[in-house]
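Note sheet for the following structure.
Computed from the coordinates by the stated procedures, all read-outs in this text should not be read as laboratory data. Note that the structure is predicted; figures quoted are calculated from it, not measured. Every residue, glycine as well, gets a Cβ built from its backbone with ideal geometry; the counts of neighbours run over all protein chains shown.
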Amino acid sequence: MFSIFTSLFATTTQGAPANFWLPKQASTVAQSVDHTFFVITWICYFFLFVITAALIIFMIKYRRKGNDVIVKGPTHNTPLEIAWTILPLLLVVVIFVVGMRGYLDLQQAPEGSYDVQVTGQKWSWTFEHPKYGATQVAELTVPVNTPVRLLMTSNDVLHSVWIPDFRVKMDVIPGRYTSLWFEAIAVGEYNLNCAEYCGKDHSKMFATVRVIPKEDFEKTMIKLASEYEDMSVGQLPAYAINRLYNRCQSCHTLDGSESTGPSFKGLWDRVKSGDVNFISGEKLSNLYGESTTYEVPENYIRSSLLDPQSHIVKGYLGAMPSFQGQLKDKQITAIIEMFKHLDELTDAEGNITVNPDGTPRQ
């Protein structure tokens with residue numbers, strides 16, 4: 001209980017640590033948001049104590065003292081009625097002004113902000129860096145002390161980007177763009193969550209915002225944009241399991257357990273043998289061979305990534321979105337190679353055992 005009250009006295013200086021009410025401040029706008037929060041909180045606590053004290057006093061002073069005592073109470077008090085009308089109005093105006101000032105600051109990103117395009121889809125986040133041609137999934141890398149503007153849209157349903165430590169949140173809407181901006185003030189990793197219920201695996205739709213020093217940012221982006229281009233085919237499986245699987249993990253497991261989509265464990269064996277049945281009544285083995293739909297198993301996986309609704313596996317709803325335009329040809333090849341070598345990349349429990357460069361994880 002003591003911590004609750006001491007946190008109310010906590011300063012809202014920029015970069016304040018976490019307290020009972022709020023996480024630590026990690027952006028330039030967090031201070032103003034916290035200030036608004038504490039203004040409203042103090043108003044609420046003031047009236048809680050005043051009204052509770054008045055209630056106790058009146059209960060004691062005006063309690064009934066006998067069966068025959070009849071006290072005629074007041075029926076009208078103009079000053080009191082004016083007071084309880086004007087004072088709440090003034091308080092609401094103060095709250096509105098404080099809140100609106102912070103809201104307007106959050107609506108317009110500073111000139112020269114670093115732009116990132118964000119796409120939400122069930123149930124993952126994709127971040128594209130147009131300046132460098134780099135794409136990240138479930139992880140957003142940004143430079144410290146630099147305004148960053150997120151231009152956001154959704155491929156399916158309503159989502160919402162929420163970064164608690166930065167005190168920013170904005171809905172992500174299919175068919176239109178929304179935006180928010182922030183400027184991180186400390187190097188570190190911060191949680192990004194979906195704050196709008198979007199279906200079965202909503203709770204798994206999260207990402208990490210990684211804030212790095214300015215001097216390291218450009219070389220990091222250049223490496224992300226081209227790290228797979230010079231890889232041999234043998235290096236691609238480790239790259240795929242670490243860099244690409246995170247956009248699949250909310251629906252596809254690595255340990256054989258059931259989820260929204262088929263597990264990746266044993267998937268290549270099932271695909272290679274054609275032992276996959278579709279809701280259309282067709283069987284994958286009948287679609288292999290010369291002059292058929294897929295000819296070879298690799299074509300089926302490619303089609304499943306780019307046009308997942310063409311053949312929906314029996315027992316599943318076909319919730320997978322298309323990755324058309326989001327994956328380059330070599331990344332598709334990397335995913336196919338990942339399926340072929342999955343036993344070498346994971347243990348029996350489905351834990352990833354290699355780093356992106358193929359070295360064993362410690």
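Assuming R0 = 30 Å, what is the FRET efficiency of Y316 and I352, from their Cβ-Cβ distance, to the nearest 0.05?
Plugging the Cβ-Cβ distance into 1/(1 + (r/R0)^6) gives 0.80.
What lysines does K219 reach when the alpha-carbon gap must be under 25 Å and sequence neighbours fewer than 8 apart in one chain are set aside?
Counting by Cα, and skipping residues close in sequence, K219 has these lysines nearby: K131, K328, K330.
Please report how far the C-alpha centroid of the range 28-70 lies from that of the range 252-277, rounded to the nearest whole angstrom.
Taking the Cα centre of the range 252-277 as reference, the centre of the range 28-70 is 60 Å away.
Treating cross-link reach as a plain straight distance, find the aspartates and glutamates whose alpha-carbon is under 15 Å from the alpha-carbon of K200, omitting any fewer than eight places away in the same chain.
Filter leaves D156, E258.
Compute the helix-to-body angle for 297-306: its Cα long axis versus the longest principal axis of the chain, expressed 0 to 90° and rounded to tens.
30 degrees
How many percent of all Cα-Cα pairs in the range 233-345 sit more than 23 Å apart?
23 percent
Any aspartates and glutamates with Cα under 16 Å of the K340 Cα? List them, leaving off those in the same chain fewer than 8 positions away.
Correct list for K340: D255, D269, D275, E298.
Based on DSSP, what percent of beta bridges with both residues in the range 114-226 are antiparallel, to the nearest 5?
70 percent
About the Cα centre of the chain, what is the dipole size in debye to 20, counting +1 per Lys and Arg Cβ and -1 per Asp and Glu Cβ, all else neutral?
Computed about the Cα centre, the dipole is about 1780 debye.
Round to the nearest 10 and give me the degree value, 0 to 90, for the angle of helix 214-226's Cα axis relative to the longest principal axis of the chain.
Computed tilt is about 40 degrees.
Between E215 and N145, what is 0.36 nm times their sequence separation minus the Cα-Cα distance? Round to one decimal in nm.
Additional length available on full extension: 24.1 nm.
Mind checking the dipole of the range 203-362: about its Cα centre, +1 per Lys or Arg Cβ, -1 per Asp or Glu Cβ, Debye to the nearest 20?
Roughly 420 debye for the range 203-362.
DSSP loop GluC sites (Glu not before Pro) in the range 66-152 with at most 14 other Cβ atoms within 10 Å of their Cβ, which ones?
E111
Antiparallel as a % of all DSSP beta bridges within the chain, to the nearest 5?
Values: 33 of 47 bridges.
The antiparallel fraction comes to roughly 70 percent.
What does the charge dipole of the range 198-289 about its Cα centre add up to, to the nearest 20 debye, if the Cβ of each Lys and Arg holds +1 and the Cβ of each Asp and Glu holds -1?
180 debye
Of (i) 72, 23, 21; (ii) 32, 23, 20; (iii) 55, 26, 19, which is the value of semi-axes √(5λ) of the Cα gyration tensor in Å derived from the coordinates here?
The value computed from this structure is option (iii).
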